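One structure below.
The values are calculated or read from the model by the stated rules, or taken from the named source; none is laboratory data. As the structure is a computational prediction, the values presented were derived from the model and not from experiment. Note that each Cβ is placed from the backbone with ideal geometry, even for glycine, and that neighbours are counted across all protein chains shown.
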Amino acid sequence: MKDKKGKNLDSEERFNMKEFWKKLWNLLVSSHGAIIKLLFLTIILEILRLAGPYILKVIIDVITLNFRPEVIEKVIFLVIAMFFANQATSIFDYFVDKRVLRTLVEILTYLANNAHKKMVFLGLAYHEKENTGNKVVKITRGVDKIEGLFGNFFWDVAPTVFQIIVTTITLFIINWYFGLIILIFVPMFIILTLKVNKEVFPFRKRRFDQQEEATGIMTQSIININTVKSFVQELREYKQFFRATQNVKDSLSLEFSKIIKYNIYRNLIIDLGRGTLLLFGIYMTWKGNITVGSLVFVYTISEKALISLFRISRLYDRIMESGEAVNRLYDLSLEKSEIENLKNGIKPKNIQGQIEFKGVTFIYSESKIKALDNVGFKINSDCVTALVGPSGGGKTTVARLAYRHYDPQKGEVILDGKNVKDYDIYDMRKFMAIVPQDVEVFNSSVKENISYAKLGATQTEIKAAARIANADEFISQLKEGYDTLVGERGIKLSGGQRQRIGIARAILANPRILIFDEATSNLDSYSEKLIQDAMDKIRKNRTVIIIAHRLSTIKKADKIIVLEKGKVVEEGSHFELAKTDGGLYQKLIGLQKVGDVE
Ligand SMILES: Nc1ncnc2c1ncn2[C@@H]1O[C@H](COP(=O)(O)OP(=O)(O)OP(=O)(O)O)[C@@H](O)[C@H]1O
Ligand SMILES: [Mg+2]
């Protein structure tokens, strides 16, 4: 129990209201002006709202004090005036609402665009440490919650707060006792509301956690549906999700029963306030201190103000609900790429394509071991260089450092004699392409996927690239050829087909430096051979780096670099390395039985 209580306290302590508003304000940077204007307009609106009841007061005064035939005209005029005052308020209200809506839409668009832009420009390091679901939820939920909060604030909270302020001031002007009564009951209501929220919050927090857990279970079972089915675990997944939602259900009932109970007290406060005001008003009228019209006026505006108090009770909820979402969105806005792009980096018109690693040591942030450990080698331009070695040796890491997805902790990666850090990252990358181990495919047509890096490529160009990548044949056999939709993450393609699309994409991009990361691992021997031929074709006037497990792929490479546990253990041509007795390359050849050295 103690532990639990301590935990709850802790979670509340951690919620810093001031911090929350500051973060939210910073997130809404694009609309500061509009928000301030809106607040101002809301104040005017609330003052305008007093006009109708005030004219009513005048009418009642006229008819109760000296209602003679001569004043009928005046009364009729006042009734018409009241109508127009109410109409004017309503039209003004309409314009404020429209403005709120417009600002809201602008904020949502801005937040979503900004978050998405941030996301796509952030370096690979960020994307590798966060899971995809989280990233998407971070944006959608953040935007969603801010939408709810903003709407609640401008449609409920701000009008109510200003209404109460305006009403209280008016009441003080009429008679300070009236003002005092409002000043007693409103805070009582607010304190009670805060108390409810405080009391309910731990339950609510638990419900949020449970909901998150339930969503997690659902997502996992859908993402891994193949595994679920392969091991006949459907029922288990179903039960797991069922249990999770059951917990949510229990928490929800508990939470709402508490809130509903408190509503009785809140209503009591409001009724007491109304009663006191009315009683005191009648007393004042009896004493002749105020007119009947004033009594009606006082009662009408305070009644409206008191009733609208209920509209602010959701604010605390909203803040608590959106706290985490705002936090995450805010953190995202602060997130910096680990790769810093120089302001005036070199924007090469062309590159030679010579890469050199000098004493490079690199450790992934989530890892303890050195992925590369004091590595040094040269990759000559217009040559084919192969990186081989056991899994986890650091081959992919080399490609990533060359592309500057990451910067090494020690040493330098040199491109054409200059540190890669000296280049403008985007201009430099234009000359490079990586066909990754796991080719990513967009849910669009084959054609669009191949021409991704070269917008507006002609059909002939696309077909030519596909032919070189040995993809043309299978694409032609698809139902709609190059226009076939490949499905989410290319689900309608085989692994080897996806890879060939990736290769065609890179070929069409026509980079100076082309890196194939295991690009042939999913291919059968026949296709592999065709791709080798393709590589022979495209290696001209290009620096090609091939990362391969199958050594047959790289026999013709100009240079082979063998990486093991992050270190270069051997370097040379196939012929040289195959002859090095006791060398790792020779051992690997032995294992693959392709060591046709002589
Ligand atoms: N994003 C990452 N975060 C943390 N550690 C990583 C990450 N990527 C790779 N590593 C680690 O870095 C080391 C080198 O990995 P790398 O992917 O470069 O190996 P590889 O030679 O390409 O292996 P494979 O042949 O299996 O593709 C491995 O120990 C791996 O676990
Ligand atoms: Mg790899």
Please determine, by comparing only the residues of the stretch 505-552 that are at pLDDT below 75, among the aliphatic types (A, V, I, L, M) and away from ligand 2 (no atom under 16 Å from the Cβ), which one is nearest to GLN592 (Cα to Cα). LEU523
Return the total of residues in the stretch 279-306 being surrounded by fewer than 19 Cβ atoms within 10 Å (Cβ to Cβ), in a helix (DSSP H, G or I) and without any contact (Cβ under 8 Å) to a residue 60 or more places away in the chain. 8
Yes or no: the stretch 483-502 includes at least one residue that is in contact (Cβ under 8 Å) with a residue 60 or more places away in the chain, within 16 Å of ligand 1 (Cβ to nearest atom) and buried (at least 22 other Cβ atoms within 10 Å of the Cβ). yes
Considering each residue of the stretch 219-278, count those that are under 14 Å from VAL200 (Cβ atoms) and either free of Cβ contacts under 8 Å to residues at least 40 places away in the same chain or touching a strand residue (DSSP E or B) at 6+ places or on another chain (Cβ under 9 Å) (or both), and give that number. 6
For ARG274: the one exception among (1) loosely packed, with under 15 Cβ neighbours inside 10 Å; (2) within 30 Å of TYR177 (Cβ to Cβ); (3) among the charged types (D, E, K, R): (1)
For the stretch 369-396, how many residues are modelled with pLDDT of 90 or more, of a type in the set (S, T, N, Q), over 16 Å from ALA557 (Cα atoms) and within 16 Å of ligand 2 (Cβ to nearest atom)? 1
Kindly list the number of the only condition in (1) surrounded by 17 or more Cβ atoms within 10 Å (Cβ to Cβ); (2) in the same structural domain as LEU27 (by TED's automatic domain parsing) that fails for ILE165. (1)
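So is ILE363 at pLDDT 90 or above and either among the hydrophobic types (A, V, I, L, M, F, W, C) or more than 38 Å from the chain's Cα centre (by Cα) (or both) or not? So that I can check it myself, show each step before the final result.
On the way: at pLDDT 90 or above: yes; either among the hydrophobic types (A, V, I, L, M, F, W, C) or more than 38 Å from the chain's Cα centre (by Cα) (or both): yes.
Considered against the rule, which asks whether it is at pLDDT 90 or above and either among the hydrophobic types (A, V, I, L, M, F, W, C) or more than 38 Å from the chain's Cα centre (by Cα) (or both), ILE363 comes out as yes.
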List the pairs whose first member sits in the stretch 141-152 and is closer than 16 Å to ASP331 by Cα, whose second member is not in a helix (DSSP H, G or I), and whose Cβ atoms are under 9 Å apart, counting only residues at least 6 apart or on separate chains? ILE146/LEU28
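Taking the stated definitions as given, is TYR316 modelled with pLDDT of 90 or more and aromatic (Phe, Trp, Tyr)?
Values: modelled with pLDDT of 90 or more: no; aromatic (Phe, Trp, Tyr): yes.
For TYR316, the condition - modelled with pLDDT of 90 or more and aromatic (Phe, Trp, Tyr) - is not met.
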Quick check: is even one residue across the stretch 406-421 part of a helix (DSSP H, G or I) and more than 16 Å from ligand 1 (Cβ to nearest atom)? yes
Of the residues that make up the stretch 20-28, is at least one within 30 Å of HIS405 (Cα to Cα) and among the hydrophobic types (A, V, I, L, M, F, W, C)? yes
Please determine, by comparing only the residues of the stretch 422-443 that are within 13 Å of ligand 1 (Cβ to nearest atom) and outside any strand (DSSP E or B), which one is surrounded by the fewest Cβ atoms within 10 Å (Cβ to Cβ). ASP438
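Filter the stretch 549-588 for residues that are polar (S, T, N, Q) and in contact with a His (Cβ under 6 Å, 6 or more places away or on another chain) and give the result.
Of everything in the stretch 549-588, nothing turns out to be polar (S, T, N, Q) and in contact with a His (Cβ under 6 Å, 6 or more places away or on another chain).
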Within the group THR215, THR227, which residue is in a helix (DSSP H, G or I), more than 30 Å from THR300 (Cβ to Cβ), polar (S, T, N, Q) and at pLDDT 90 or above? THR227
Which of the residues spanning the stretch 437-472 are within 16 Å of ligand 2 (Cβ to nearest atom) and out of contact with any helix residue (DSSP H, G or I) (no Cβ under 7 Å at 6 or more places or on another chain)? ASP438, GLU440
Give me the residue from the stretch 107-135 that is under 20 Å from GLY151 (Cβ atoms) and surrounded by 14 or more Cβ atoms within 10 Å (Cβ to Cβ) and, out of that set, nearest to ligand 2 (Cβ to nearest atom). ALA115
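Within the stretch 362-402, work out how many residues are part of a loop (DSSP other than H, G, I, E, B) and away from ligand 1 (no atom under 13 Å from the Cβ). First the steps, then the outcome.
Kept after step one, since they are part of a loop (DSSP other than H, G, I, E, B), are these residues of the stretch 362-402: 363-371, 380-383, 389-394.
Subsequent filtering for residues that are away from ligand 1 (no atom under 13 Å from the Cβ) retains 380-383.
Looking only at that region, the number is 4.
Among residues belonging to the stretch 355-368 that are within 16 Å of LYS567 (Cα to Cα) and within 16 Å of ligand 2 (Cβ to nearest atom), point out the one that is surrounded by the fewest Cβ atoms within 10 Å (Cβ to Cβ).
First pass over the stretch 355-368, keeping only residues within 16 Å of LYS567 (Cα to Cα): 356-364, 368.
Then drop every residue that is not within 16 Å of ligand 2 (Cβ to nearest atom), which leaves 362, 364.
Values: PHE362: 24, TYR364: 15.
The residue in question is TYR364.
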Do we find that THR396 is assigned by TED's automatic domain parsing to the domain that holds VAL568, out of contact with any Phe, Trp or Tyr (no Cβ under 6 Å at 6 or more places or on another chain), surrounded by fewer than 22 Cβ atoms within 10 Å (Cβ to Cβ) and touching a residue at least 12 places away in the same chain (Cβ under 8 Å) in this structure? yes
Condition check for THR193: under 21 Å from TYR262 (Cα atoms) and of a type outside the set (A, V, I, L, M): yes
Quick test for you: out of GLY502, GLY490, pick the one residue that is within 19 Å of ILE434 (Cβ to Cβ) and within 16 Å of ligand 2 (Cβ to nearest atom). GLY502
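Inspect the stretch 470-482 for any residue being under 27 Å from GLN354 (Cα atoms), assigned to a helix (DSSP H, G or I) and of a type in the set (Ser, Thr, Tyr) and give the result as yes or no.
Here is the first cut: in the stretch 470-482, the ones under 27 Å from GLN354 (Cα atoms) are none.
No, the conditions are met nowhere in the stretch 470-482.
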